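Written out below as structure tokens is the structure these notes cover.
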Amino acid sequence: GIDFGNSFRLSVTLLSQDYAGLVRNYNLRAKLGDVLHDIFLPDSANNRSDVPASVTCDPFAGGQPYLTSDKLSQETLAPSLLLLYGEVEHTGFYDKNSHRTKIAELLKFLWDSPEHKPAFRRITEDKASFIKFANGIVNEMNHQFASVMERLPAIRTVQLQMANPQQWAALSEEERETITSRHEENEQH
């Protein structure tokens, strides 16, 4: 089979804090994280079966996933992903959420891997960096909560409007489509 190790190591290296200045474009850095998720996260971790184990696993490490067997990954990937989690803030609302979901899945996989425990311990020892990451998580949660709370009154108004057949029928087809479209958008967030 083909050895995908070099592609994996290149992605991990370019995401590392040592090379963050080399790849400064946040969208490109986010795509590197997406590659690690979409190509190298094993099936068991993400409930997919479209990427064979021959791609996600290192044939020279007894068929173990690159994410757990690669030494560079064990040392740098967890802190790099935490950094990336903050950086994707600059990629736009919808892209940011997609990237963060993938980063979170990668971090969960690494957290469950004994090979990555020392890196997570080192992260907590760097108090300034850890506090910055934790503040970012709290800020994101506050933003999401505030966004939901702002949309709830609009959702309820439309629900009541739709529940009243006479009021709903009195609207033109175009108005109903517009209201329905906004309503669906509000419910998705």
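Under the Karplus relation 6.51 cos²θ - 1.76 cosθ + 1.60, θ = phi - 60°, what is the ordered set of whole-Hz ³J(HN,Hα) values for the stretch 163-177, x standing for Gly and Pro?
6, 9, x, 5, 5, 5, 5, 6, 7, 6, 4, 5, 5, 4, 5
5 Å is the cut-off here: which amide hydrogens, built 1.01 Å from N in the peptide plane, fall below it relative to residue 64, excluding neighbours closer than 5 in sequence?
For residue 64, whose amide H was placed from the backbone, the distant partners under 5 Å are 58.
Roughly how many Å is it from the Cα centre of the stretch 42-101 to that of the stretch 2-26, as a whole number?
12
Kindly write out, for the stretch 107-119 in residue order, the coupling ³J(HN,Hα) from the Karplus curve 6.51 cos²θ - 1.76 cosθ + 1.60 (θ = phi - 60°), rounded to whole Hz, with x marking Gly and Pro.
Working through the residues one at a time gives 4, 4, 4, 5, 4, 7, 9, x, 5, 9, 4, x, 5 Hz.
In the chain, what percent of the accessible surface is made up of carbon and sulfur (1.4 Å probe, ligands and nucleic acids excluded)? List each step's numbers first, then the result.
Values: 6400 of 11380 Å².
Ligands and nucleic acids excluded, carbon and sulfur give 56 percent.
May I ask you to give the solvent-accessible area per residue for the chain, in square angstrom, as obtained with a 1.4 angstrom probe? The partial results should precede the final answer.
Numbers: 11380 Å² over 189 residues.
Here the residues of the chain average 60 Å² of exposed surface.
When the chain is fully extended, how far beyond the present Cα-Cα distance does residue 126 get from residue 160, taking 0.36 nm per residue of separation?
Details: separation 34, 0.36 × 34 = 12.24 nm, distance 5.14 nm.
In short, 7.1 nm is gained.
Mean separation of Cα pairs under 8 Å and 6+ residues apart, divided by the residue count of the chain: what relative contact order is that in percent? Could you put the intermediate results ahead of the total?
Working: 169 pairs, mean separation 35.6, N = 189.
Answer for the chain is 19 percent.
Among 71/96; 96/127; 108/132; 102/127, which pairs are too far apart, with a Cα-Cα distance over 23 Å?
Working: 71/96 29 Å; 96/127 25 Å; 108/132 19 Å; 102/127 25 Å.
Beyond 23 Å between Cα atoms: 71/96; 96/127; 102/127.
Once percent of Cα pairs over 29 Å apart is worked out from the coordinates, which option in [x] 24; [y] 38; [z] 28 does it equal?
Here the calculated entry is [y].
The values are calculated or read from the model by the stated rules, or taken from the named source; none is laboratory data. Everything numeric here is computed off the predicted structure, so don't read it as measured data. Remember, those area values only see protein heavy atoms, side chains included, never the ligands or the DNA or RNA. Shrake-Rupley method; radii C 1.70, N 1.55, O 1.52, S 1.80 Å.
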